[in-house]
Amino acid sequence: MQDNSYSEMCKWKDPVPSWFNCSWVADGKFTYAVYNNGISGAGVTMYREVGYVSAIGGCVSRHEFVRLANNYSPHSSKWDC
């Protein structure tokens, strides 16, 4: 079940080599959760570092909501799984 208690959100439809264009990530806030709202069926891989370095966990499937530890933020992501 998706939890909308946190209202700050950034959206991307293409691979993102850096999440720092999202203001709250750039401000050092941590990511509470990720949700794949894709329409293509592709999954998303999240990475701890910019430039697709150090994958976090497994593939986030289409329409999957994943809570994170809330002590870090992914800093890049790719639609590649």
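Details
- Residues of the stretch 27-46 satisfying the condition of being under 15 Å from C10 (Cβ atoms), free of Cβ contacts under 8 Å to residues at least 40 places away in the same chain and part of a strand (DSSP E or B): A33, Y35, V44, M46
- Test: K11 is among the charged types (D, E, K, R) and part of a loop (DSSP other than H, G, I, E, B): yes
- Checked against (1) modelled with pLDDT of 85 or more; (2) out of contact with any Gly (no Cβ under 7 Å at 6 or more places or on another chain), R62 passes all but condition (2).
- Cross-chain or 6+ apart pairs with Cβ under 8 Å, the stretch 64-77 first and in a strand (DSSP E or B), then open to solvent by 30 Å² or more (accessible area, probe 1.4 Å) and hydrophobic (A, V, I, L, M, F, W, C): F65/M1; S76/V50; S76/V53; S77/W12
- Members of the stretch 21-52 that are closer than 10 Å to S73 by Cα, open to solvent by 50 Å² or more (accessible area, probe 1.4 Å) and touching a His at 6+ places or on another chain (Cβ under 8 Å): R48, E49
The values are calculated or read from the model by the stated rules, or taken from the named source; none is laboratory data. Just so we're clear, the structure is a prediction, and the values are computed from it rather than from any experiment. All Cβ positions, even for glycine, are placed from backbone atoms using ideal geometry, and neighbour counts span all protein chains on display. Surface areas here come from the heavy atoms of the whole protein model, side chains and all, with no ligands, DNA or RNA. Shrake-Rupley method; radii C 1.70, N 1.55, O 1.52, S 1.80 Å.
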